[in-house]
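A short worksheet on the structure shown next.
The values are calculated or read from the model by the stated rules, or taken from the named source; none is laboratory data. The structure presented is a predicted model; accordingly, all values stated were derived computationally and were not measured. Cβ sites come from the backbone with ideal geometry, for glycine too, and all protein chains shown count toward neighbours.
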Protein chains: 2
Amino acid sequence: MTKIETGPQKPKRRKAARPGEILQAGLEEFAISGLAATRLEDIAQRAGIAKGTIYRYFDSKEDLFMAVVRSRLVLSLDQFEEMVTNYPGPTDALLRQVLTGIYKQFVGSDISGVIRILISEGPRFPGLVDIYHKEVTSKGVTILTHIIKRGIERGEIRDGPAAREPRLIMAPTIMAILWDLTFKAQDPIDIEEYLTAHIDIILHGLSA
Amino acid sequence: MTKIETGPQKPKRRKAARPGEILQAGLEEFAISGLAATRLEDIAQRAGIAKGTIYRYFDSKEDLFMAVVRSRLVLSLDQFEEMVTNYPGPTDALLRQVLTGIYKQFVGSDISGVIRILISEGPRFPGLVDIYHKEVTSKGVTILTHIIKRGIERGEIRDGPAAREPRLIMAPTIMAILWDLTFKAQDPIDIEEYLTAHIDIILHGLSA
DNA sequence: GGAATTTTAATGACTTTTGAGTCATTATCT
DNA sequence: AGATAATGACTCAAAAGTCATTAAAATTCC
């Protein structure tokens, strides 16, 4: 019955265990279990620290959650934007390059975790949805709109309903991310093949 | 301080409050908040009953959760299957009919709730993911594969990478469902237009 | 440069809160 | 009148959040 024995025994590491590590551990846990089902103790364990340490950097579980999502929300689409504005060649090659880059960067990455979190927790965190929509989604739509506009001007893309709905171009990407998150065990996607097929159907679907 | 006052005051309704009502209320709450964050009290309130009543029909919160998802998992794709096998006309009209039917039936329906639940809770309920994959996803893929095969045989669809990846055809549908769940407030989808564009790009993307 | 001292980081036992699950009591049905 | 359905106050376990205590780092002083 040696129980009442207050105080800690072995505070070890120093220097590391920075907020960044907590954010990373938090992302990994939240992406799997969501906000409510994730225990701070799990995050602490994954980060190799004690639960109490989290409270030195974040006010509450929810505060940590917000910080986690915000920290991964911005993600640079700038490279793609630049690709589009500077690209000299034909539209099909440009689209191929942009889509390839997006797959490489997103499928199976931290970003897919953020997307799952957003879908799951969106209703209780409209603020986060708002930021994501502004920072990521609508930027993506803008880039795709540019590609289409450019293609129409060059006479490579036909104008029509499809050209007015840029979300169609990225739909297969979103689906691949979610498929990978959800059905990887049952029925894994071969990303190479899928990407090839994606580019193929989009190029034929839009071409003049 | 009139607190300790055991026993109930007003058991009201009889006859209604059947398991079905609890399942419906459960679906609505679970779809918004997920398993962990949903309180049985919320479900009870939505169903217009007391918390204890739930335990007459379900053993535990998790048992109710499983029952909720299972109850909405099967959903008939049979009508679409039948459409495909019996359809006499050209592929574009068939595809138009099938896609229109899917949008009408799925976007904004109970099914979108189930899809959100599956994405959110999948990692902790691989059994449910398994059932959904077998009962819904792979059936959907089969139907689309039939359409494509039929189209190739009739000389209306070109063979190629896109024809080997039927998931591409339904990707915009999935995206519309999730977009509606997540970004309705920021940026609602006009389903009529979106569907038109979807059919347009797919038909051009696949046509011979 | 290094011992002594102050400041800051980290710990985990403890407290508090929250919500799942129970059950004695009461209404309604047969 | 007996059986069944429903209730909500209550119990209890689990996890969020606190804090006295200790380790390590930074600073001061000689």
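Numbers for the structure displayed
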read-out	value
Odd one out for B:R124, checked against (1) surrounded by 21 or more Cβ atoms within 10 Å (Cβ to Cβ); (2) within 13 Å of another protein chain (Cβ to nearest Cβ)	(1)
Candidate set: segment A:43-63, residues that are more than 12 Å from DNA strand C (Cβ to nearest atom) and either over 24 Å from the mean Cα position of the chain (by Cα) or closer than 20 Å to A:S112 by Cβ (or both); chosen: the one farthest from the other protein chains (Cβ to nearest Cβ)	A:D59
Among residues of segment B:38-82, those that are among the hydroxyl-bearing types (S, T, Y) and assigned to a loop (DSSP other than H, G, I, E, B), counted	3
Helices (runs of 4 or more DSSP H) completely within segment A:122-183 that count 1 or more residues being touching a Pro at 6+ places or on another chain (Cβ under 6 Å) and modelled with pLDDT of 95 or more	A:138-153, A:167-183
Cross-chain or 6+ apart pairs with Cβ under 7 Å, segment A:133-150 first and at negative phi and among the hydroxyl-bearing types (S, T, Y), then assigned to a helix (DSSP H, G or I) and buried (at least 16 other Cβ atoms within 10 Å of the Cβ)	A:T137/B:F183
Scope segment B:99-116; condition polar (S, T, N, Q) and part of a helix (DSSP H, G or I); matching residues	B:T100, B:Q105, B:S112
Unmet requirement for B:A36, which otherwise passes all of (1) more than 27 Å from B:E135 (Cα to Cα); (2) free of Cβ contacts under 8 Å to residues at least 24 places away in the same chain; (3) within 12 Å of DNA strand D (Cβ to nearest atom)	(1)
Index of the failed condition, B:T142 passing every other in (1) more than 20 Å from A:I169 (Cα to Cα); (2) within 8 Å of chain A (Cβ to nearest Cβ)	(2)
Residues that are facing chain A (nearest Cβ under 8 Å) and surrounded by 21 or more Cβ atoms within 10 Å (Cβ to Cβ), drawn from segment B:157-166	B:A162, B:E165
Unique residue being more than 9 Å from chain A (Cβ to nearest Cβ) and crowded, with 18+ Cβ neighbours inside 10 Å when the list is B:V129, B:V107	B:V107
A:V69, sole failed condition from (1) away from chain B (no Cβ under 14 Å); (2) surrounded by 13 or more Cβ atoms within 10 Å (Cβ to Cβ); (3) more than 16 Å from DNA strand C (Cβ to nearest atom)	(1)
B:E192 under 30 Å from A:G127 (Cα atoms) and more than 7 Å from chain A (Cβ to nearest Cβ)	yes
Residue check, B:D180 more than 7 Å from chain A (Cβ to nearest Cβ) and surrounded by fewer than 20 Cβ atoms within 10 Å (Cβ to Cβ)	yes
Answer residue from segment B:83-98, given it is of a type outside the set (S, T, N, Q) and assigned to a helix (DSSP H, G or I) and is surrounded by the fewest Cβ atoms within 10 Å (Cβ to Cβ) among those	B:A93
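Rundown of residues vs (1) within 15 Å of DNA strand D (Cβ to nearest atom); (2) modelled with pLDDT of 95 or more; (3) not assigned by TED's automatic domain parsing to the domain that holds B:S120, yes/no style:
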residue: B:R13; (1), (2), (3): yes, no, yes
residue: B:I32; (1), (2), (3): no, yes, yes
residue: B:I54; (1), (2), (3): yes, yes, yes
residue: B:D63; (1), (2), (3): no, yes, yes
